[in-house]
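See below for the structure under consideration.
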Amino acid sequence: MSDALYTDDIDMSVLAGQKLALVGYGNHGRSHALCLRDSGMGPIRIALRDGSPSRKTAQDDGFEVVGLEEAAGWADLVAILAADEAHRQIWTEAIRPYRKPGQALLFCHGFSVHYGFVEAPEDGDVILAAAKGPGGAVRQEFEKGSGLIGFWAVHQDVSGQAAAIAQAYLAAIGSGNVGIFETTFREETVSDLFGEQVILVGGMVALARASFDRLVAAGVSPRMAYIDCVHEIKYLADLVQDRGIAGMFKAISDTAEFGAREVEADIAGPGLMQAFDQAMARIEDGSFARKWVETYEAGNAMVTDREQDEVLPVEAAGRDLRARLKGAKK
Ligand SMILES: NC(=O)c1ccc[n+]([C@@H]2O[C@H](COP(=O)([O-])OP(=O)(O)OC[C@H]3O[C@@H](n4cnc5c(N)ncnc54)[C@H](OP(=O)(O)O)[C@@H]3O)[C@@H](O)[C@H]2O)c1
């Protein structure tokens, strides 16, 4: 594994002057486009589907918006920054049949290449430039003169400059201000999916909901239970990000630390390990990815789940709390 690269280590000339088409103008697409332009890259065109709700935002930001097919015929590099579950459709229907020969493909998550939803064309580089974190944070950190930690990988190197292009792209969106590391499509994909399923999203949600329900069952008011099991997650997460887990322990009360050490082994018991193994098996054998893309392509993914979430007691408690707090987002 390589050491970190910073902007001064990187040859920006490999990307300068390249025609860049960014597919999608969501969290990552918008942030990347604004940062690339501010870093002097481009010309840039934003490629959106017909009727896209993002068209006006992109145009108001001063970008030329084109259809996906037109972008595919124009660009030297196409960055597919659209939702992963749509990549197979986007690639097979709108990019592959119209693409300019030799065109490079760039992704900010390894998902669709690793699982074969996008097959590399023979004549173009296929690269990963993953700024690790939510898309909005890419722009926020860039505007502060910083960036998100960047990871690059090469799936296919036709130009002989694939790694350099991925590094330059990351530097142009701010990652060169903090550190850019090498990875592989497999490592980035498996790690990202596992992390979001078992801790950042799935694990956190499971613990938050179950602990809220348990406190309410013990006679605690929903408001107090919500504060202790959901609302305060952010304060602890901030401490962990700033100081690590050991540093977080030093920053909280000894009672909280002692109590956490008492229950950690029970929580991280055989049931949890079995859930981790099952999640990892589904990620590694591709069955999770296939299920997700097939669910998306069948339409209306997660609509019912989202409606059911809204009526849960934990959501009612959160809405009620936020409605009473000055300055809180409603
Ligand atoms: N590296 C990291 O740590 C990291 C973190 C988060 C996300 N990501 C990656 O970033 C990429 C985009 O994520 P995001 O958070 O920016 O998503 P997002 O905010 O939901 O934006 C998705 C964009 O995809 C477009 N899109 C969806 N379906 C489409 C279709 N069928 N045809 C054309 N465009 C379509 C949407 O178009 P409309 O505007 O027309 O609706 C929207 O502009 C994904 O690959 C994701 O895995 C990476």
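The values are calculated or read from the model by the stated rules, or taken from the named source; none is laboratory data. Here the structure is a predicted model, which is why all the values come from computation and not from measurement. When we count neighbours, we look across all protein chains shown, and the Cβ atoms used for this are built from the backbone with ideal geometry, even at glycine. Heavy atoms of the whole protein, side chains included, go into the accessibility calculation; ligands, DNA and RNA do not. Shrake-Rupley method; radii C 1.70, N 1.55, O 1.52, S 1.80 Å.
Here are some notes:
- Debye log10 I(q)/I(0) for the chain, one point scatterer per Cα, at q = 0.10, 0.14 Å⁻¹: -0.70, -1.23
- If you sort Lys326, Lys19, Lys291, Lys250 by accessible surface, 1.4 Å probe, largest first, the order is Lys326, Lys250, Lys291, Lys19.
- Using a Förster distance of 41 Å, the FRET efficiency for Val263-Ala83 (Cβ separation, nearest 0.05): 0.65
- Given charges at beta-carbon only (K, R positive; D, E negative), |dipole| of region 7-183 in Debye: 440 debye
- Restricting the calculation to Cα atoms, region 7-183 shows an Rg/Rh of 0.92 when the hydrodynamic-style radius is the Kirkwood one.
- Per residue accessible area in Å² of region 7-183, where ligands, DNA and RNA are left out and the probe is 1.4 Å: 40 Å²
- Both numbers refer to the Cα atoms of region 102-231; Rg and Dmax are 19.7, 65 Å.
- Length available on full extension from Arg306 to Asp50: 0.36 nm per residue minus the Cα-Cα distance, which gives 89.6 nm.
- Only the Cβ atoms of Lys and Arg (+1) and of Asp and Glu (-1) were treated as charged; on that basis the dipole of the chain about its Cα centre amounts to roughly 1140 debye.
- Each Lys and Arg contributes +1 and each Asp and Glu -1, all at the Cβ; summed about the Cα centre of region 193-324, the dipole is approximately 300 debye.
- Treating each Cα of region 193-324 as one equal point scatterer and applying the Debye formula with no solvent, the log10 of I(q)/I(0) at q = 0.09, 0.11, 0.17, 0.21 Å⁻¹ comes out as -0.36, -0.54, -1.18, -1.38.
- Karplus 3J(HN,Hα) series, Hz, for region 271-282 with 6.51 cos²θ - 1.76 cosθ + 1.60 (x for Gly, Pro): x, 5, 4, 5, 5, 4, 4, 5, 4, 5, 5, 5
- Taking every C-alpha pair closer than 8 Å and separated by at least 6 residues, the mean separation divided by the residue count of region 193-324 gives a relative contact order of 34 percent.
- Over the chain, dividing the summed -39,500 (n - 2.57) contributions of all DSSP H runs of at least 4 residues by the number of residues returns a 222 nm mean residue ellipticity of -14500 deg cm²/dmol.
- Between Ile245 and Leu200, the simple label model (points 7 Å from Cα in the Cβ direction) yields a spacing of 1.7 nm.
- Between region 167-244 and region 1-76, the alpha-carbon centres lie 28 Å apart.
- Taking all protein chains into account, the per residue accessible area for region 193-324 stands at 69 Å² (1.4 Å probe).
- Rounded to whole Hz, the Karplus (6.51, -1.76, 1.60) HN-Hα couplings of region 225-236, x for glycine and proline: 4, 5, 4, 6, 10, 10, 4, 7, 3, 4, 5, 6
- Amide H partners (placed H, <5 Å) of Val118, local residues excluded: Val113
- Size descriptors for region 68-146 (Cα atoms only): Rg and Dmax, in that order, 13.5, 40 Å.
- Normalised contact order of region 7-183, rounded percent, pairs of Cα under 8 Å and 6 or more residues apart: 23 percent
- Listed residue (Ala120, Gln241, Gly62) projecting farthest to the positive dipole end of the chain, Cβ model: Gly62
- Among the listed pairs Lys56/Lys234; Lys19/Lys144; Lys56/Lys144; Lys19/Lys56, those beyond 30 Å (Cα-Cα): Lys56/Lys234
- Order by protection proxy (mean Cβ within 10 Å, highest first), peptides 193-206, 265-278: 193-206, 265-278
- Residues of region 149-171 with an amide N closer than 11 Å to a point placed 7 Å from the Cα of Val178 along the Cα-to-Cβ direction: 149-151.
- Percent antiparallel among DSSP beta bridges (both partners in the chain, rounded to 5): 25 percent
- Toward the positive end of the charge dipole of the chain, with +1 on the Cβ of Lys and Arg and -1 on the Cβ of Asp and Glu, the farthest Cα among Ala279, Gly195, Gly135 is that of Gly135.
- With contacts taken as Cα pairs under 8 Å and at least 6 residues apart, the chain reaches a relative contact order of 15 percent.
- Here the accessible area of the chain is 53 percent carbon and sulfur, with a 1.4 angstrom probe and all protein chains present.
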